[in-house]
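Notes follow once the structure below has been shown.
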Amino acid sequence: MKKTIILEWIRIIIGLFIFSFGVHLTIFANIGLAPWDCLGMGLSHHLPLNYGLCMTLVAVTILLIDILLKEKIGYGTIIDALFTGNFVQFFNSVNPFPLNKGIATGIAIMLAGFVFMALGMAVYMKCAQCCGPRDSLLVGLGKRMPRLPIGLVEVILWACVLLAGWLLGGPVGIGTVISTFGAGLVMQLVYYIIRFEPRNLKHRGVVEVSRQLFYSVNK
């Protein structure tokens, strides 16, 4: 059991690495910030915090909402919080190419980013050690709207986040619009192809996994 859990943690990290590459592509596309990034940038205009700290503040707030929605908080949530931002920064730092300058190529790059984000999410969510704060919010809302495809639920969520970011002065461009309405649709298509439904997962929280680890060590 201990070996299985550790392998799941490795898989979560790999999934987040793939997901982060997708996020990097959406930034590299240089045609507008995605809704969550728009919100973080907008908050940085009104708070004595930089963009990274604002995104951390957003993540903590979402985590509290997840708890109110009674979504489990697991090691996957913690690993997401610790690694995702650093992975995105890593890709931003090592990319030797200048930011994209064309609209058409930017759209293509952004769509590719959505595919990697969806695949990365599927990889680490399948470990069922709970999602990152934003993904947990998506799943929690999806459970409360069971008749809607999970991709459509994400479109609604991102639209609300975008509105808040725009009202706070966050930068909005054609990429923002594409992210709001396209990412969820691409995710739904990818999940349909790989036959993955995140709402069917039975996540294990920190307490459950810790008990399994303790039991396997003392067995």
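Remarks
- Only listed residue being among the β-branched types (Val, Ile, Thr), open to solvent by less than 20 Å² (accessible area, probe 1.4 Å) and touching a residue at least 60 places away in the same chain (Cβ under 8 Å), chosen from Ile12, Ile78, Ile18: Ile12
- Residue that is within 21 Å of Pro35 (Cβ to Cβ), of a type in the set (A, V, I, L, M, F, W, C), open to solvent by 20 Å² or more (accessible area, probe 1.4 Å) and not in a helix (DSSP H, G or I), where the choices are Val177, Val172, Val186: Val172
- Just one of the numbered conditions (1) in contact (Cβ under 8 Å) with a residue 40 or more places away in the chain; (2) of a type outside the set (Ser, Thr, Tyr); (3) open to solvent by 60 Å² or more (accessible area, probe 1.4 Å) is not true of Ile156: (1).
- Unique residue being open to solvent by less than 10 Å² (accessible area, probe 1.4 Å), at pLDDT below 85, within 17 Å of the chain's Cα centre (by Cα) and not β-branched (Val, Ile, Thr) when the list is Gly132, Gly142: Gly132
- Residue in the range 198-206 that is without any contact (Cβ under 8 Å) to a residue 40 or more places away in the chain, open to solvent by less than 40 Å² (accessible area, probe 1.4 Å) and either within 20 Å of Ile65 (Cα to Cα) or among the small types (Gly, Ala, Ser) (or both) present: no
- Contact map, the range 45-63: residues that are over 18 Å from Cys130 (Cβ atoms) and of a type outside the set (A, V, I, L, M) paired with residues that are assigned to a loop (DSSP other than H, G, I, E, B) and open to solvent by less than 70 Å² (accessible area, probe 1.4 Å), Cβ distance under 7 Å, separation 6+ or inter-chain. Pairs shown: His45/Leu168; His45/Gly169; His46/Leu168; Cys54/Leu47.
- Scan of the range 86-97 for residues that are closer than 17 Å to Arg134 by Cα and surrounded by fewer than 17 Cβ atoms within 10 Å (Cβ to Cβ), ordered by number: Asn86
- Checklist (1) surrounded by fewer than 14 Cβ atoms within 10 Å (Cβ to Cβ); (2) under 16 Å from the mean Cα position of the chain (by Cα) applied to Thr4, failing item: (2)
The values are calculated or read from the model by the stated rules, or taken from the named source; none is laboratory data. Bear in mind the structure is a predicted one, so any value in this text is a computation, not a measurement. Because the Cβ atoms are built from the backbone with ideal geometry, glycine has one as well, and the counts that use them run over all protein chains shown. Note: areas computed on protein heavy atoms with side chains; ligands, DNA, RNA excluded. Shrake-Rupley method; radii C 1.70, N 1.55, O 1.52, S 1.80 Å.
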